[in-house]
Amino acid sequence: MRMTNKIMRNNSIYNINQNKILQDQLTNQMTSQSKIVRPSDDPVVAIRALRLRNNVTTVTQYNEKNAEDAKQWLKLTADALLTINSVLDGLYEQAETSANKYQTSDGLKILLEQMDSLTKEFYASGNVDYAGRFIFSGYRTDTPVTFTSEDIREMEKHPRSFEIEEKLNYKQISTINYTNYDVVDGPILTSDTTSYEQGVTNKDLYRFRLSYEALDADSIQIQDKDGNILKMDAQGNTTCTDKDGNPLPAGHPLNDITITQYQNPEAAYKAVADGSCTGIAFCPSSGELVFGQDFYKNNLKEGDEFTFTYNKSSWVDGDVNPVHYFKCTETKDIGDGTMTDVRKTAYNTREKQEGKDQDIYYDVGFNQQIQVNSRADEVFTHDVGRDMDDFKHCLKELQGIETKKKEIEDKMKEFPEDSAEYKDYDRRLKAVSKAEDYIRENIHQKFENQITKYQQYQDDTRVAMTNNATRQSRLDLISTRLTNQQATFKELQTDNEGIDVTEVAVELTSSEMTYSAALMATSKIMQTSLMNYI
């Protein structure tokens with residue numbers, strides 16, 4: 001093969017250029033600390049790099065953002081639940097102290113003021129928020145568990161009303177005790193066979209206690225599990241229809257039931273106790289539906305379930321927002337006196353049955369989620385506040401009987417002991433003392449029962465605490481695994497893309513020496529031509 005100077009020059013230049021390219025690649029690797037600059041440098045490394053980078057990014061998101069956010073949420077929940085448990089401990093201790101049947105009304109008033117303060121703190125703990133999101137409000141993270149003073153000021157400008165559907169069952173029927181001592185205010189009893197004491201009555205009554213007091217006195221509707229509806233309208237008329245709105249056939253048991261509205265609980269209790277109300281006594285101010293023993297035995301049985309529909313537009317600071325508990329329709333005054341629907345919410349239990357509950361889950365791993373929230377209806381039962389309403393009514397009864405007793409004792413001082421008036425007031429005093437014994441025994445029993453109820457509230461709170469702590473423990477395990485995964489993927493990414501600096505430095509030095517030698521050899525060759533050999 002014939003070799004010319006041109007061929008020699010071209011080959012030398014080509015080889016020098018290839019050496020320069022290699023030197024450039026090694027220089028880029030040293031400066032970028034990466035094996036490749038573009039995918040074409042090494043397609044296998046490039047594909048693996050994309051996958052590993054995606055893994056590192058995803059695990060970093062899970063570990064450093066999602067998991068950390070979930071940890072803070074769970075920690076705030078744990079702190080709030082710990083506060084709630086402490087509050088219930090305080091209520092439990094106060095209930096034990098208040099169970100003394102010889103407690104005066106002044107002493108009981110002080111104890112109830114302390115209990116009322118603890119009850120307010122119980123619900124206030126539900127408004128804990130994390131970065132502007134209320135942690136017990138389910139998906140409605142912008143809505144606190146209770147109405148705040150700001151909400152109340154807004155309602156004063158634009159009144160809001162809620163039509164609430166509340167479900168209660170047979171087991172939620174509670175017993176109340178009513179003592180009637182009106183006889184001591186009546187005319188003088190002259191019969192030798194009767195006395196004021198005989199006129200004092202004490203009866204157990206039954207009731208459905210709704211979750212709210214101060215209801216609108218316009219109407220109430222009761223629907224049984226068969227869909228039959230018993231309704232009292234704004235005029236006080238009671239109607240009975242089936243689920244389609246048709247009148248019930250003659251002889252249906254609901255046709256014999258009436259609902260009568262009373263302005264205050266004392267009037268409702270008295271009407272049921274003396275038999276003037278044989279149906280249901282509805283008291284909007286206390287949120288109670290009261291009935292007697294005969295009605296209870298004849299119309300209610302184990303397994304009965306009812307849906308109560310009622311309206312409430314009067315709200316105060318600290319009231320529990322019904323949207324977190326019940327199916328309800330909220331209406332708002334838009335400014336011209338017209339009420340318009342602004343929100344409809346579904347009852348959590350129904351949502352849960354449909355797979356649409358208010359539990360919030362965070363993605364904390366590949367196809368792995370963890371629940372971070374505890375819902376308001378798991379912890380903040382309405383019963384804690386409603387029990388306080390009952391206690392306040394008990395205090396009112398005790399204050400009333402003590403006032404009546406003092407009035408009679410003062411009257412007795414106005415007459416000689418041998419006078420007919422004195423003897424009459426003495427008989428009245430004995431009747432009042434009998435009524436006082438009934439009332440004190442009722443208060444004692446109520447606080448004795450309340451001790452058990454506070455224990456149940458604490459049990460519910462501790463279940464929520466346990467569930468939250470379980471999630472925290474699980475999240476700690478997940479975080480440890482994510483940290484290890486993150487370190488592993490980063491190591492694999494470094495091994496795939498990174499360089500061995502020592503090895504590359506040696507290669508670069510060798511390349512530089514080869515490049516210099518090539519230049520020297522080429523310059524030597526280029527100085528000699530074919531004519532030098534002729």
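The values are calculated or read from the model by the stated rules, or taken from the named source; none is laboratory data. What you are looking at is a predicted structure, and each value in this text was computed from that prediction instead of being measured. So basically every Cβ, Gly included, is an ideal-geometry build from the backbone, and we count neighbours across all protein chains shown. Just so you know, the surface numbers come from the protein's heavy atoms only, side chains and all, with ligands and any DNA or RNA stripped out. Shrake-Rupley method; radii C 1.70, N 1.55, O 1.52, S 1.80 Å.
Where does the Debye-calculated log10 I(q)/I(0) of the chain sit at q = 0.06 Å⁻¹, using only Cα point scatterers of equal weight, no solvent? Those come out to -0.51, one per q.
In the chain, taking the dipole from charged Cβ atoms about the Cα centre, the farthest positive-side position among Phe136, Ser117, Ala268 is held by Phe136.
In the chain, a dipole from Cβ-located charges (positive for Lys and Arg, negative for Asp and Glu) runs towards its positive end, and of Leu230, Ser510, Tyr425 it is Ser510 whose Cα lies farthest in that direction. At full extension, Leu492 and Glu302 could sit 61.9 nm farther apart than now, given 0.36 nm per residue minus the alpha carbon distance. Peptides 225-235, 92-102, 436-446, 412-422 ranked from most to least packed give 436-446, 92-102, 225-235, 412-422, packing being the mean of other C-beta atoms within 10 angstrom over each peptide's residues. Counting heavy atoms of the protein chains alone, Met155 has an accessible area of about 20 Å² for a 1.4 Å probe. The listed residues Leu76, Leu81 rank as Leu76, Leu81 when sorted by accessible area, largest first, using a 1.4 Å probe. Subtracting the Cα-Cα distance of Asp242 and Asp460 from 0.36 nm times their residue separation leaves 74.7 nm of extension gain.
At 25 °C and a viscosity of 0.890 mPa s, what translational diffusion coefficient does Stokes-Einstein give for the range 410-498, taking Rh as the Kirkwood radius over Cα pairs? Give it in µm²/s as a whole number. Using the Kirkwood radius from Cα pairs, D works out to 121 µm²/s.
From the P(r) of the range 196-278, can you give the percent of Cα pairs sitting at distances over 17 Å? Result for the distance tail: 58 percent. Distance between the C-alpha centres of the range 168-186 and the range 197-248: 17 Å, rounded to the whole angstrom.
Given their separation in residues at 0.36 nm each and the Cα-Cα distance between them, Ala521 and Phe415 gain 23.8 nm when the chain is fully extended. A convex hull fitted to the Cα coordinates of the range 70-216 yields 221 cubic angstrom per residue. Counting only C-alpha contacts under 8 Å and six or more residues apart, can you give the relative contact order of the chain as a whole percent? In percent, rounded to a whole number, it is 25.
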